[in-house]
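Every number here is computed from the coordinates shown, using simple stated rules; none is lab data. Here the structure is a predicted model, which is why all the values come from computation and not from measurement. A quick note on method: Cβ atoms are made from the backbone with ideal geometry, for glycine too, and the neighbour counts reach across all protein chains shown.
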């Protein structure tokens, strides 16, 4: 008999709640059904509002997941092959609508904030189900104000954009907003720090506790060290002070 496990998670955003649930279940995204119970509401720039709430239900008997305490592996993106002899397919009307609406929403929010920036917008790599996030890159001078401490302003802006566009399209979409490649550089720095702290854990034989991180940042640390031969990782504490601990084997 197939047994189905149900788990509800609460986090500042839907994406973070799903990531937390997958890590707790030790399952990849394709092994569960996700029901958004409440998209939450942060208010303007994260002030006030409520957190998002999701329900994750396993799809029955699953193959063995990763070792207890380890995060669920992220699905590898599968590029869509296009024969070299054939032109790339033209975007559908729905895709054009999503890109145009995303660009319009970000532009209007920036105008209300009296911030000037150039936008470049495109689709990211597809996941295993063929879904591609919309990537909005902002370019300009003195845009550090859009990032904020620990990317709080940037994440709030991204959340508001996702909420507005999803509501207008009446379906949930994923839009990633970045400023001058900040997110890519930040991920590189996190992965480097993870390797350095793992080295300290091995050298000293003592667990290393990192500073509090967001769910997205913690996931990067877990993924970077999931195949490490000499350490394991754990998340401890409660939000917003939840931390990653690197433990020598």
How do 55, 218, 195 line up, fewest other C-beta atoms within 10 Å first?
195, 55, 218
Sorted peptide list for 152-163, 182-193, 96-107, criterion being average Cβ within 10 angstrom, highest first:
152-163, 96-107, 182-193
Sorted by packing (mean other beta-carbon atoms within 10 Å per residue), highest first, where do 234-246, 6-18 land?
6-18, 234-246
Before anything else, pin down the relative contact order of region 184-248: Cα pairs under 8 Å, at least 6 apart, normalised by residue count, whole percent.
38
Answer rounded, prolate or oblate for region 184-248, using the Cα gyration tensor with square roots of eigenvalues a ≥ b ≥ c: rounded when a/c is under 1.5, else prolate when a/b is larger than b/c, else oblate.
oblate
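In terms of the Cα gyration tensor, with a ≥ b ≥ c the square roots of its eigenvalues, is region 93-180 rounded because a/c is under 1.5, prolate because a/b exceeds b/c, or oblate?
prolate
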Under the classification rounded if a/c is under 1.5, otherwise prolate if a/b is larger than b/c and oblate if not, where does region 133-249 fall, given a ≥ b ≥ c as square roots of the Cα gyration tensor eigenvalues?
prolate
